[in-house]
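Participant: I'd like to ask you about the structure that follows.
The values are calculated or read from the model by the stated rules, or taken from the named source; none is laboratory data. In this text, all values refer to a predicted model and were calculated from it rather than measured experimentally. All Cβ positions, even for glycine, are placed from backbone atoms using ideal geometry, and neighbour counts span all protein chains on display.
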Amino acid sequence: MTAVNDRPDTTWHNPLRDKRDKRMPRIAGPCGVVIFGVTGDLARKKLMPAIYDLANRGLLPASFALVGFARRDWEDEDFGQVVYDAVRQHARTPFRQEVWDRLAEGIRFVQGTFDDDTAFTRLAETLDKLDIERGTGGNHAFYLSIPPNAFPVVCEQLRKSGLAKPRDGRWSRVVIEKPFGHDLGSARELNSVVNSVFPEESVFRIDHYLGKETVQNILALRFANALYEPIWNNNYVDHVQITMAEDIGLGGRAGYYDGIGAARDVIQNHLLQLLALTALEEPVSFSPHELQTEKIKILSAVKLAEPLDETTARGQYAAGWQGGEKVVGLLDEEGFAKDSTTETYAAITLEVNTRRWAGVPFYLRTGKRLGRRVTEIALVFKRAPHLPFDATMTEELGQNALVIRVQPDEGITLRFGSKVPGSAMEVRDVNMDFSYGSAFAEDSPEAYERLILDVLLGEPSLFPVNEEVELSWEILDPVLEYWAQHGKPEPYESGTWGPPSADAMLRRTGREWRRP
Ligand code: BG6
């Protein structure tokens, strides 16, 4: 296991950083990005558009190149066309011909398979040529948007071809996408393979939730204000609900998802990262090292609540209605085994064993084909110790809640009781809303824009380190083993809020899920 301190703290040691004008955009230096897996969905829908958006925002250098590596029998122009189509279809910012033309000049394609040494020799030659033609300066980011079982061979090829070891003063970074293994053992193996080729400071593990503005705002909300921190603890908070609900199904994703399931796909990474940011102690500074130290401390304190048959729930979507359309169940989606036991809904209860959080359950849930798409963190507060009203006056009064809406309608809502206008002292819940859309003129960048730029700048703050990944598996492994031994997930109708066992899980403790 590599300790968090092994990653040099570039921000901490850079005295210029604090003096930099914060309004100046951070522009990457000369470099090339190589994407492995360019024919995949992620590359097409997120990575290529994000690179264009960065170029469009003036955040890429003139000396930039994009290289695709794949088995397809393509020339540079064919790949250029693929990138163009992806940009036209999925870019966030408007299309500008001159930006595209400049980007297109630096697009190259290398044809080959991962086990073909000569293909990697050609890749090295292509990058050398680009260093001269485009001035990319020998700096390269290798983006592995490929299945994890291909990581070892690609890393080994990058080592053999000398690409993993840059010459003096240049950098070579590897970007890896989840899943980082399927349990603790496989994550450790994967980490040791990657770290045998790239030092930890050159490894950037993408958890795209950390690139979302609203997720970064958790830290601003907590630590830039005097208001919240005093109540951010077990004296006031009754429980925390972290929800990532999606309305989409899994058509077309069987290859990735069957056998993986909701807990590995989302809880192990996105939701545990959200929990860490919600629960961590104030870092000494926002240097990458200090932030990672606090995340590691809090993840070390997280334990599954037991017994698991009462504190967890899992489900699999059945047919139903969504957005006015009839949709099929998972077992009828193309590519899924007819007897697949893959869960598409998962809920777990966690304890955070620190002085601040002892006794406050954290409920995490995620699912496909749920009522609507929403990701939120809700701190639900304890009831007032005494209500000096008639019970009938407060019938419609719930618990106070602070809700951080990660998406959509990014913002923060505070729910509290207010007097209903009229002669009676009737009290009912109302919401006070902050919305990004109306408070700020700028649109939020896509998570991948921020994260790719950070890779090129060598800014590690938003990337989980080895130890975080392994701690997250340590938390989740027992529930995965338990589920593997205990039958099938419970079916739930598409368009609803998950299986009845998930409701029962909370009801047992006298609580209920929010219906966002
Ligand atoms: C990915 C998961 O990490 O996140 C997908 O693999 C999920 O299953 C996606 O659909 C959701 O991302 P977002 O940004 O749309 O919430």
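Participant: Would you pick out the residues in region 338-385 that are assigned to a loop (DSSP other than H, G, I, E, B), within 14 Å of the ligand (Cβ to nearest atom) and not hydroxyl-bearing (S, T, Y)?
Facilitator: Matches in region 338-385: E343, K368, R369, R372, R373.
Participant: Note down all Cβ pairs under 6 Å where the first residue falls in region 204-233 and is farther than 25 Å from I35 by Cα and touching a residue at least 40 places away in the same chain (Cβ under 8 Å), the second is within 11 Å of the ligand (Cβ to nearest atom) and in a helix (DSSP H, G or I), and they're at least six residues apart or on different chains.
Facilitator: Once the first residue is farther than 25 Å from I35 by Cα and touching a residue at least 40 places away in the same chain (Cβ under 8 Å) and sits in region 204-233, its partners that are within 11 Å of the ligand (Cβ to nearest atom) and in a helix (DSSP H, G or I) give V215/Y209.
Participant: Hey, another quick one. Would you check if Y209 is aromatic (F, W, Y), in contact with a helix residue (DSSP H, G or I) (Cβ under 8 Å, 6 or more places away or on another chain) and either closer than 28 Å to T312 by Cα or within 13 Å of the ligand (Cβ to nearest atom) (or both)?
Facilitator: Answer is yes for this residue.
Participant: Right, next: With respect to A254, is the statement that it is among the small types (G, A, S), surrounded by fewer than 16 Cβ atoms within 10 Å (Cβ to Cβ) and more than 26 Å from I452 (Cβ to Cβ) true?
Facilitator: No; evaluated as a whole, the condition is false for this residue.
Participant: Could you list, in sequence order, all residues of region 404-439 that are within 16 Å of the ligand (Cβ to nearest atom) and surrounded by fewer than 16 Cβ atoms within 10 Å (Cβ to Cβ)?
Facilitator: Residues satisfying the conditions are P408, D409.
Participant: On to the next question. Please go through region 178-197 and give me each residue that is crowded, with 21+ Cβ neighbours inside 10 Å and in contact with a strand residue (DSSP E or B) (Cβ under 8 Å, 6 or more places away or on another chain), ordered by number.
Facilitator: Scanning region 178-197 gives F180, V194, V197.
Participant: I'd like the full set of residues that are touching a residue at least 40 places away in the same chain (Cβ under 8 Å) and not in a loop (DSSP other than H, G, I, E, B), limited to region 316-337.
Facilitator: Answer for region 316-337, where residues must be touching a residue at least 40 places away in the same chain (Cβ under 8 Å) and not in a loop (DSSP other than H, G, I, E, B): Q316, Y317, A318, A319, G320, W321, Q322, V327, L330.
Participant: Considering only residues that are more than 26 Å from the chain's Cα centre (by Cα) and among the basic types (K, R), look in region 480-516 and name the one that is surrounded by the most Cβ atoms within 10 Å (Cβ to Cβ).
Facilitator: Here the residue is R511.
Participant: Can you find even one residue in region 47-64 that is in a helix (DSSP H, G or I) and without any contact (Cβ under 8 Å) to a residue 24 or more places away in the chain?
Facilitator: No, every residue in region 47-64 fails to be in a helix (DSSP H, G or I) and without any contact (Cβ under 8 Å) to a residue 24 or more places away in the chain.
Participant: State whether the residues of region 112-134 include one that is in a loop (DSSP other than H, G, I, E, B), surrounded by 16 or more Cβ atoms within 10 Å (Cβ to Cβ) and among the hydrophobic types (A, V, I, L, M, F, W, C).
Facilitator: Scanning region 112-134 turns up at least one residue that is in a loop (DSSP other than H, G, I, E, B), surrounded by 16 or more Cβ atoms within 10 Å (Cβ to Cβ) and among the hydrophobic types (A, V, I, L, M, F, W, C).
Participant: When you check N217 against the structure, is it in contact with a Gly (Cβ under 9 Å, 6 or more places away or on another chain) and either more than 16 Å from the ligand (Cβ to nearest atom) or of a type outside the set (G, A, S) (or both), yes or no?
Facilitator: On the way: in contact with a Gly (Cβ under 9 Å, 6 or more places away or on another chain): no; either more than 16 Å from the ligand (Cβ to nearest atom) or of a type outside the set (G, A, S) (or both): yes.
For N217, the condition - in contact with a Gly (Cβ under 9 Å, 6 or more places away or on another chain) and either more than 16 Å from the ligand (Cβ to nearest atom) or of a type outside the set (G, A, S) (or both) - is not met.
Participant: What are the residues in region 181-206 that are closer than 18 Å to V455 by Cα and either more than 15 Å from the ligand (Cβ to nearest atom) or modelled with pLDDT under 95 (or both), if any?
Facilitator: Result: V194, N195, V197, F198, P199, E200, E201, S202, V203, F204.
Participant: Then there's this: Between G249, G185, which is more than 28 Å from V327 (Cβ to Cβ) and touching a helix residue (DSSP H, G or I) at 6+ places or on another chain (Cβ under 9 Å)?
Facilitator: G185
Participant: Next up: For region 65-88, enumerate the residues that are part of a helix (DSSP H, G or I) and surrounded by fewer than 22 Cβ atoms within 10 Å (Cβ to Cβ).
Facilitator: D76, E77, D78, G80, Q81, V82, Y84, D85, A86, R88 - these are the residues of region 65-88 that are part of a helix (DSSP H, G or I) and surrounded by fewer than 22 Cβ atoms within 10 Å (Cβ to Cβ).
Participant: Moving on. Kindly check whether there is at least one residue in region 26-38 that is at pLDDT 95 or above and in a helix (DSSP H, G or I).
Facilitator: No, the conditions are met nowhere in region 26-38.
Participant: So which residues in region 293-323 are β-branched (V, I, T) and at pLDDT below 95, if there are any at all?
Facilitator: To start, the set of residues in region 293-323 that are β-branched (V, I, T) comprises 293, 296, 298, 302, 311-312.
Matches in region 293-323: none.
Participant: Turning to a different aspect of this structure: For E376, state whether it is surrounded by 16 or more Cβ atoms within 10 Å (Cβ to Cβ), among the charged types (D, E, K, R) and touching a strand residue (DSSP E or B) at 6+ places or on another chain (Cβ under 6 Å). If you could, list the steps in order and put the result at the bottom.
Facilitator: Working: surrounded by 16 or more Cβ atoms within 10 Å (Cβ to Cβ): yes; among the charged types (D, E, K, R): yes; touching a strand residue (DSSP E or B) at 6+ places or on another chain (Cβ under 6 Å): yes.
When the stated conditions are applied, E376 passes them.
To keep it simple, each residue is scored yes or no on (1) among the polar types (S, T, N, Q); (2) under 25 Å from A313 (Cα atoms); (3) buried (at least 20 other Cβ atoms within 10 Å of the Cβ); (4) more than 28 Å from the chain's Cα centre (by Cα).
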{"site": "E395", "(1), (2), (3), (4)": "no, no, no, yes"}
{"site": "A441", "(1), (2), (3), (4)": "no, no, no, no"}
{"site": "A447", "(1), (2), (3), (4)": "no, no, yes, no"}
{"site": "L456", "(1), (2), (3), (4)": "no, no, yes, no"}
{"site": "P478", "(1), (2), (3), (4)": "no, yes, no, no"}
